[in-house]
Amino acid sequence: MVRELLSRGDRGETYAEAVGEAEQLQAVKQIRLPWHLVEAGAHDKLETLTKACDKEAKKLCALDHKNVVKFKRIMVDKEQMCVTVQMSLLSGPVTLERHITAQQGLPEKSICNLTRQICDALSYLHGLNDPVIHRNINCKTVLVCPGDRIVIVNFGLAIQILQTVTEHPSTGERGDPHFMAPEMFLSSETEDPPYSCASDVWAFGCVIYQMVIAKRPYWECKNMLAIVRRVERQGAPVLPESCSANLKDFYDKCTKKQARDRTLAIELMKHPLIYNKEQGGLTCKVPAFETEGQEEHELQFDGAHSHVRIGKEQVVASTSNKPESDIYAEIITAKGLCLVISVETYNRSSSHNQQKEVKIITDTFENLGFTIQQCTSKPTSADIFAAVNKIVRSDLPDMGSFVCFIIGHGTGASFFASDGEEVEVRDIVARFRVNQCSFLKGKPKIFFVQTEQQPETLNACPLEETSFKLPEKDFLLCRGGSLGENGSLAEVLCSVVQEEIFSKEHIVNVVAEVNRRLGIPEMKGGSEKFGTEASAVTSLTKKFFLNSAASDDVQIFSSASPDKWSDAQLAALCRSQENTAHKFGTLNQTLLTIASARGKHDLVLSLLNRNSDTSLVSVQDVMGRTAISWAALKGHKEVLIAFEKILTNNASTMTTEVNREDNLRQTPLILAAINDQKSVLEQLIKMQADIDCQDVFKYSAAVHAAKKGHAGTFKMLCDFGANLWLKDCFGNTPLIWAARCGHIEVIEIFGELMKDANYWRLTGERNMNAYQWAKFSGHLNCSRLILQRAPTSEGSESGLSIDSETGCGYQPEESGDPSNSPVEEPSDRGNGHGGDGGGGGGDGGG
């Protein structure tokens, strides 16, 4: 069976799994049942849950809406003691929360689009004959798929399960408190939480709030009690004054304190925010979802992978306090593409010195960091459109901008190919609209058209007929001739951008200077026609710097997320002394941390050598991680060697830094173990890393490696002397975790190394040993291997016994023989402790 872990939450895991004879990939979520259902006498409760799930399955599997995940099957798995939910896989989704965080709040146009889709889905769910209440609407249960398509997932099934089988409903979960309606807090301790369409609408309003300010409602409250008091006194938080009246009114209708006063989703669909009565249609444009015949795949539900592209454009995090940067961020973090179309020879006419101009353009834009493509010499009209279509149909997400030069004979709004065919500039420009060239969505597209008067033998269409308006935003067009007093359009432009005073200017200012020198009228807005009404028009919405790759301006670079910087751009920033202490991106990382995470040991050495003190090494980002932590996490041994080289004369500082904990108290060695970075383990130990350090859950590096099944890493840790007797906060040993998670290779290593029978009999969570956990979790091959590998106790045939009725391992409790009683670790085995763990359940949240 093909199965891949996608995500792990508090109460279950989600897998990509091949299901059925056709082995169709689906998302399979397993929701663990409460522990009290496992115990004897819980049969009635289990049957009650089964009936409730069957009833819910009929409702959810019948749902059919483009903004609601498609449920395939829901059932209670009594062997695994979980509820299994099979759903369609989605193509490249990311949670709405991550989508918002990446942009530090969304522009209102985007909020309008996403709001309409969520509202449409809720209107559908609440409008059914038997209404479906979601119960858990928040920014983690709403996914954003390519094309900005919204899909609602995770229908509060874990909450429903707890309600079904819990004697005291108030003790169960009620959802994310930041999104809970007032009536959920104020309901009696003895009654079921009053989930309703109105409580979904309140949560919907809270989603809108987070889209606007990029923070959860009541984000400043430190606990649920503080949230309850805030709701009782003030109701919903207020949107900023900068929001439109329509958005604030829509939000207010969702977040009325009394449930009866909230507007139903079906009525909200008529609100002016998303519906225009005068035009009889939607106020916001609906994205065209390409779903027909498209196989759906989902990467992750909770905590989607950070590298997933949102829609068809890369969103860019910003350190600015403004919701949006006024700079095209892509141009700082990606290369540009420059296409040069030059028609040197016609049927009976040759052009003016174009080879020289093509060389000037090529040299200038290569120095600016652009990738050059040429369609020169004698291109026919077919050749020209073939070159254009090749770019348009390419998938070049790393290209941050596009510049096109057109040189030939014509009017400026059209020109002639070598076969005498007239090519209209608008036909080329139109091919770079978003619906045809998706990788340039939201990125600047610049066209320079340089034409000479056409020969008498070529009859061009009148300029009035070939003039046109820009098709959409993010374009700039400029036309000029080749015989001006100061040179041609191409020559003057290339000269201006190389002058120091204009080298870092916004393209609009550069073109204005070019127009001034050539005597071309000033630039007009995109509403003017290119050709008859204006020689230069723009619909750019932000600033565009041709020379941004050569700039060391921190403000420009920091407008884009560091993970989008090219290596050259990172190196440029590292060369400046004043940038050393600056922090970049949403993670607030220094250049030393960023260089370490990328494995740039030469930059790391340069930054460390430049600074006389070592304080930069201890700087932590928002996750509490240092440059050494990131080097370990990413497996960059050369970077760690660089740190050792610099700190070799300061042993105490090296020991402190190599054991510095992040916010989860995870050291570099623990991070390396979690990420299976075997290549750096020896170097970390050489730098005095504490091999037995434990994180906030008291997981050591060995526990993490055993839990994740990193057999090679685990073996190395054992060879370096890891203490396998250390228990986590739930009382589990590394062996118990290996058995519980079904990692047979790790158990084999225990069989080779651990010869103490007492160790194999240690119990952890729920007073079960490794054998019992393997059996309970359904890993029968592991349970058999444990029986084979467990050393025999002195005076007995086996270190573990089998109960003939239950098939579970146990330790006989006759008090007369100490070797047959549950054994705690010896006192000389380190400081591991924690007992049997008790509460917690599940995987401990590690």
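Report yes if some residue within region 60-68 is of a type in the set (D, E, K, R), touching a Gly at 6+ places or on another chain (Cβ under 8 Å), surrounded by fewer than 21 Cβ atoms within 10 Å (Cβ to Cβ) and outside the structural domain of ASP148 (by TED's automatic domain parsing); otherwise report no. Walk me through how you get there before you give the answer.
Applying the first criterion (of a type in the set (D, E, K, R)) to region 60-68 yields 64, 66.
Within this subset, residues satisfying the condition of being touching a Gly at 6+ places or on another chain (Cβ under 8 Å) are none.
No; the residues of region 60-68 include none that is of a type in the set (D, E, K, R), touching a Gly at 6+ places or on another chain (Cβ under 8 Å), surrounded by fewer than 21 Cβ atoms within 10 Å (Cβ to Cβ) and outside the structural domain of ASP148 (by TED's automatic domain parsing).
Where helices (runs of 4 or more DSSP H) fall entirely within region 534-605, those with at least 1 residues that are at pLDDT 80 or above are at 567-574, 591-598.
Name the single residue that is modelled with the lowest pLDDT among those in region 652-671 being among the aliphatic types (A, V, I, L, M) and either farther than 19 Å from VAL604 by Cα or in contact with a His (Cβ under 7 Å, 6 or more places away or on another chain) (or both). It would help to see each step written out before you state the result.
Initially, region 652-671 is screened for residues among the aliphatic types (A, V, I, L, M), giving 654, 658, 664, 669-671.
Still in the running and either farther than 19 Å from VAL604 by Cα or in contact with a His (Cβ under 7 Å, 6 or more places away or on another chain) (or both): 664, 669-671.
On the way: LEU664: 84, LEU669: 96, ILE670: 96, LEU671: 95.
Ranking the candidates gives LEU664 first.
For GLY624, indicate whether it is free of Cβ contacts under 8 Å to residues at least 60 places away in the same chain and closer than 24 Å to ASP563 by Cα. The answer is yes for GLY624. Looking across region 270-282, the residues that are surrounded by fewer than 17 Cβ atoms within 10 Å (Cβ to Cβ) and either at pLDDT 90 or above or part of a loop (DSSP other than H, G, I, E, B) (or both) come down to LYS270, PRO272, LYS277, GLU278, GLN279, GLY280.
To keep it simple, each residue is scored yes or no on (1) among the basic types (Lys, Arg); (2) under 22 Å from GLN374 (Cα atoms).
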| position | (1), (2) |
| --- | --- |
| ILE406 | no, yes |
| ARG426 | yes, yes |
| PHE432 | no, yes |
| LEU440 | no, yes |
| PHE448 | no, yes |
| THR466 | no, no |
| GLY480 | no, yes |
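Looking only at residues of region 120-141 that are within 14 Å of SER196 (Cα to Cα) and among the β-branched types (Val, Ile, Thr), we find that the one that is surrounded by the most Cβ atoms within 10 Å (Cβ to Cβ) is ILE137. Can you confirm whether GLU191 is of a type in the set (D, E, K, R), within 20 Å of CYS139 (Cβ to Cβ) and at pLDDT below 95? So GLU191 does not fit the description; no. Considering only region 641-660, state which residues are among the hydrophobic types (A, V, I, L, M, F, W, C), in contact with a Ser or Thr (Cβ under 9 Å, 6 or more places away or on another chain) and within 24 Å of ASP692 (Cβ to Cβ). Once the filter is applied, which keeps residues that are among the hydrophobic types (A, V, I, L, M, F, W, C), in contact with a Ser or Thr (Cβ under 9 Å, 6 or more places away or on another chain) and within 24 Å of ASP692 (Cβ to Cβ), region 641-660 yields PHE643, LEU647, MET654, VAL658. Take VAL617 and tell me if it is surrounded by 15 or more Cβ atoms within 10 Å (Cβ to Cβ) and without any contact (Cβ under 8 Å) to a residue 40 or more places away in the chain. No, not satisfied.
Residues ALA236, ALA226: which one is in contact with a Lys or Arg (Cβ under 8 Å, 6 or more places away or on another chain) and over 18 Å from CYS112 (Cα atoms)? Even if it seems obvious, please write down each step before you answer.
Details: ALA226 fails: in contact with a Lys or Arg (Cβ under 8 Å, 6 or more places away or on another chain).
On inspection, the qualifying residue turns out to be ALA236.
One residue alone among VAL492, VAL510, VAL403, VAL423 is under 27 Å from ASN353 (Cα atoms), crowded, with 16+ Cβ neighbours inside 10 Å, among the β-branched types (Val, Ile, Thr) and touching a residue at least 60 places away in the same chain (Cβ under 8 Å), and that residue is VAL403.
Under the condition of being under 23 Å from the mean Cα position of the chain (by Cα), over 17 Å from ALA642 (Cβ atoms) and either assigned by TED's automatic domain parsing to the domain that holds GLU638 or surrounded by 18 or more Cβ atoms within 10 Å (Cβ to Cβ) (or both), the residues counted in region 564-614 number 10. Only one of the numbered conditions (1) over 26 Å from PHE776 (Cβ atoms); (2) within 28 Å of the chain's Cα centre (by Cα); (3) modelled with pLDDT of 85 or more is not met by LEU25, and that is (3).
Looking across region 502-522, the residues that are under 39 Å from the mean Cα position of the chain (by Cα) and either on the phi > 0 side of the Ramachandran plot or not in a helix (DSSP H, G or I) (or both) come down to PHE502, SER503, LYS504, GLU505, HIS506. Under the condition of being of a type outside the set (S, T, N, Q) and in a loop (DSSP other than H, G, I, E, B), which residue from region 631-655 is farthest from the chain's Cα centre (by Cα)? Here the residue is HIS636. Of the residues in region 441-452, not one is surrounded by fewer than 20 Cβ atoms within 10 Å (Cβ to Cβ), of a type outside the set (Lys, Arg) and over 27 Å from GLU522 (Cα atoms). Of everything in region 73-123, what is within 23 Å of LYS248 (Cα to Cα), part of a loop (DSSP other than H, G, I, E, B) and modelled with pLDDT under 90? Give them in sequence order. Across region 73-123, the qualifying residues are GLN104, GLY105. Scanning region 205-221 for residues that are more than 16 Å from ALA181 (Cβ to Cβ) and outside any loop (DSSP other than H, G, I, E, B) yields a total of 3.
Is region 656-665 home to any residue that is assigned by TED's automatic domain parsing to the domain that holds SER596, touching a residue at least 40 places away in the same chain (Cβ under 8 Å), in a helix (DSSP H, G or I) and crowded, with 21+ Cβ neighbours inside 10 Å? Please lay out each step first, then the result.
Of region 656-665, the ones assigned by TED's automatic domain parsing to the domain that holds SER596 are 656-665.
Cutting the leftovers down to touching a residue at least 40 places away in the same chain (Cβ under 8 Å) gives us 657, 660, 662-664.
Okay, now just the ones that are also in a helix (DSSP H, G or I), so 657.
Subset that is crowded, with 21+ Cβ neighbours inside 10 Å: 657.
Yes: region 656-665 contains one or more residues that are assigned by TED's automatic domain parsing to the domain that holds SER596, touching a residue at least 40 places away in the same chain (Cβ under 8 Å), in a helix (DSSP H, G or I) and crowded, with 21+ Cβ neighbours inside 10 Å.
Of all residues in region 754-773, exactly one satisfies the criterion of being acidic (Asp, Glu) and surrounded by 23 or more Cβ atoms within 10 Å (Cβ to Cβ), namely GLU765. Within region 223-231, is there a residue that is modelled with pLDDT of 60 or more and farther than 26 Å from SER199 by Cα? Among the residues of region 223-231, not one is modelled with pLDDT of 60 or more and farther than 26 Å from SER199 by Cα, which makes the answer no. Each residue in region 39-72 was checked for being at pLDDT 80 or above, small (Gly, Ala, Ser) and either touching an Asp or Glu at 6+ places or on another chain (Cβ under 6 Å) or not in a helix (DSSP H, G or I) (or both), and 1 of them qualify.
The values are calculated or read from the model by the stated rules, or taken from the named source; none is laboratory data. Treat the numbers as computed from the prediction; the structure is a model and nothing was measured. Using ideal geometry, Cβ is built from the backbone for each residue, glycine included, and neighbour counts are taken over all protein chains shown.
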